[in-house]
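See structure below.
The values are calculated or read from the model by the stated rules, or taken from the named source; none is laboratory data. Note that the structure is predicted; figures quoted are calculated from it, not measured. As a convention, Cβ positions derive from the backbone with ideal geometry for all residues, glycine included, and neighbour counts pool all protein chains shown.
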């Protein structure tokens, strides 16, 4: 069952009016300016967002992307080798 033409026209006009109202309010928000962030505030936010040294300890590990190079380094240091296997490239290089 198809709605009468007048009903479809009323729905289309209602949607158009709603779209126009939303576009007008979005334009108002886009024009509104905010205060620039002060350097001190920016530094505080960066300090909060930056992980602590303990959380970044994994970055100090000399990771090997080649199995044979890792095997040689482990043998030279007389340390065990951690072999990480997964589906996909471990560095996200796809």
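Working only within the range 36-56, note down all residues that are surrounded by 10 or more Cβ atoms within 10 Å (Cβ to Cβ) and part of a helix (DSSP H, G or I).
Answer for the range 36-56, where residues must be surrounded by 10 or more Cβ atoms within 10 Å (Cβ to Cβ) and part of a helix (DSSP H, G or I): 41, 42, 43, 44, 45, 56.
Given the criterion loosely packed, with under 10 Cβ neighbours inside 10 Å and modelled with pLDDT under 90, identify the matching residue among 90, 80, 62.
62
How about the range 57-94: which of its residues are in a helix (DSSP H, G or I) and under 26 Å from the mean Cα position of the chain (by Cα)?
57, 58, 59, 60
Conditions: (1) exposed (fewer than 10 other Cβ atoms within 10 Å of the Cβ); (2) modelled with pLDDT of 80 or more. Residue 30 meets all but one. Number of the miss?
Of everything listed in (1) exposed (fewer than 10 other Cβ atoms within 10 Å of the Cβ); (2) modelled with pLDDT of 80 or more, residue 30 misses just condition (2).
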